[in-house]
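Working notes, beginning with the structure itself.
Computed from the coordinates by the stated procedures, all read-outs in this text should not be read as laboratory data. Values in this document were obtained by computation on a predicted structure and should not be read as measured data. Cβ placement follows ideal geometry from the backbone for every residue including glycine, while neighbour counts extend to all protein chains displayed.
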Amino acid sequence: MNDRQKGFHRDRRIIEEVERCRCLNTEQIQALLFPMLSGKRKCQMRMKRITDRGRLKRWRYALEEPYAYYSDLNNRVEQLEHTVLLNWVYVWLIKRLKPWERLHSFSYEDDYGVLRTDAFAAVKNTVTGEFRFCFVEMDRTTSNRFDKVRLYNDLYESEGYAESWWVSLTRRYPPIIIATTNTRRKRKIEEAVQSDNRNGLEFQVYLVDALRQEVV
């Protein structure tokens, strides 16, 4: 494979990843597809080439933020920002995979009636064939009371997930990963876990920036 073919193959992988994830920023693409020390510059060059050719569109929600890339013209700005932040969990999960694991799926906005999840992740052990699962929530709100702890408990009690494809593949209710953007909000969510988690479900609360620092 010559350099031109390699570049074409990499561009196709980038576009497929962006389309699968709806919206990824430069740092996320670098972490997923350009892991070398020189990856940042190479990633920036490839993304400029792809956008110059009209294969993807780019946008950023603040001047200090890296560009984010997407292909769906129907995405609203607030959806793009939310998706970029949510996808730090996606990148973080992939970078934490063991050599014998692969990300089987990362589905967005599954509707369980009681609530609509931001995402649901399935990781498969390629040796044993076993799965592990988790719900994923991205929280950017700074003023409203956090109600997802209550809603996930409502879902657990209603068994509204009972017909889902993954139920027969696990012995436990999946943990809920919650990512948020600031320390004050993280404390509020942790307080909600203490007060509203009547069924003792497993909640894991992280700062987006902490996840980002682990993988970039």
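Of the DSSP beta bridges with both residues in region 87-215, give the percent that are antiparallel, rounding to the nearest 5.
Rounded to the nearest five, the antiparallel share is 60 percent.
So for each of 51-57, 89-95 I average, over its residues, the number of other beta carbons within 10 Å; can you give me the resulting order with the highest mean first?
Going from most to least packed, we get 89-95, 51-57.
Evaluate the relative contact order of region 3-75 (contact order divided by residue number), counting alpha-carbon pairs under 8 angstrom at least 6 apart; express in whole percent.
37
Stretched out fully, how many nm does the piece from residue 100 to residue 184 gain, at 0.36 nm a residue minus the Cα gap?
Extending this stretch completely gives an extra 26.5 nm.
For the residue pair residue 8 and residue 216, what label-to-label distance in nm results when each label sits 7 Å from Cα along the Cα-to-beta-carbon direction?
3.4
What number comes out for the charge environment of residue 55, summing +1 per Lys or Arg and -1 per Asp or Glu over other residues with Cβ under 14 Å away?
On the way: positive: 10, 12, 13, 46, 48, 49, 53, 57, 58; negative: 11, 16, 17, 19, 52, 72.
My count for the surroundings of residue 55 gives +3.
What ranking, highest mean first, results for peptides 20-30, 176-186 when packing means the other Cβ atoms within 10 Å averaged over each residue?
Those peptides, ordered most packed to least, come out 20-30, 176-186.
Calculate the spin-label point distance for residue 33 paired with residue 163, positioning each point 7 Å from the Cα along the beta-carbon direction, and give it in nanometres.
3.8
Suppose a student asked you for the relative contact order of the chain, using Cα pairs under 8 Å spaced at least 6 residues apart; what percent would you report? Before the final figure, lay out the partial values.
On the way: 285 pairs, mean separation 35.7, N = 216.
It rounds to 17 percent for the chain.
Antiparallel versus total DSSP beta bridges in the chain: what percent is that, nearest 5? Don't skip to the end; give the middle numbers.
Numbers: 19 of 29 bridges.
Percentage antiparallel, nearest 5: 65.
Using the basic label-point model (7 angstrom from Cα toward the beta carbon), what is the residue 195 to residue 172 distance in nanometres?
Distance between the two pseudo-spin positions: 2.7 nm.
Given a cut-off of under 8 Å on Cα pairs at least six residues apart, what relative contact order in percent is computed for region 134-206?
About 47 percent, as a whole number.
Which of the GluC sites (Glu not before Pro) across region 165-213 are loop residues per DSSP, with 16 or fewer other Cβ within 10 Å?
Within region 165-213, the qualifying GluC sites (Glu not before Pro) (loop, at most 16 other Cβ atoms within 10 Å) are 202.
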